[in-house]
Amino acid sequence: MRKKKAVLLSLLFMFMGGLTMFARSLEAAMEWSVLKTIDLKSAPLDVAPSLDGQWIFILTPGELHTYSVQEGKVTDQIAVDKNFDRIAAVPRTNVISISSSAKKTVQIVMLQPVYKIDVMNAPFKGPKDAAVTLVVFDDYQ
């Protein structure tokens, strides 16, 4: 009985050793390719994705760039204090933190997309050149 256990243990160790050697022979290098290069006017200081993966925020000296993953382009530049040098995603959609090591400050920033809606040929009430337009999406079918 002891011989059987010894043989089984020996086979087990040989099998495990073979798996280890087999796994080593399967190691491979990582392949990669550039999906997009974003050209900026100034050097990027830091980059952070939004929690939902819709946006990539790029911090440059004095500006925060919003890159839309869906559109594949920078959609906006927002002026910020030139002392901000770091950016980080916050566990909440469209909220980031920007920080300044020089000023020893952190700001929590909420970013809301603004959508432009063409209402030129839509029926309206009031003056055509009103500063604010209230649009009602309604369907009476």
Within segment 58-72, backbone nitrogen closer than 14 Å to the virtual label 7 Å beyond the Cα of residue 38 toward Cβ: 58-61, 63-72
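Of the listed pairs 41/104; 41/116; 41/128; 73/116, which have alpha-carbon separations greater than 29 Å here? All intermediate terms of the calculation are to be shown ahead of the outcome.
On the way: 41/104 26 Å; 41/116 26 Å; 41/128 38 Å; 73/116 17 Å.
Beyond 29 Å: 41/128.
Pull out the extension gain between residue 52 and residue 132, defined as 0.36 nm times the separation in residues minus the alpha carbon to alpha carbon distance; nm, one decimal.
On the way: separation 80, 0.36 × 80 = 28.80 nm, distance 3.03 nm.
Taking 0.36 nm per residue and subtracting the Cα distance, the gain is 25.8 nm.
Which order do the peptides 129-136, 42-49 come out in when sorted by mean C-beta neighbours inside 10 angstrom, highest first?
Values: 129-136: 7.4, 42-49: 13.1.
Ranked by mean Cβ neighbours within 10 Å, highest first: 42-49, 129-136.
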Residue 85-residue 105 pseudo-label distance in nm [points 7 Å out on the Cα-to-Cβ vector]: 1.6
Residue 31-residue 69 pseudo-label distance in nm [points 7 Å out on the Cα-to-Cβ vector]: 2.3
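Just so you know, all these numbers are worked out from the coordinates, no wet-lab data involved. As the structure is a prediction and not an experimental result, all values here were calculated from the model. Cβ coordinates were reconstructed from backbone atoms using ideal geometry, including for glycine residues, and neighbour counts include every protein chain displayed.
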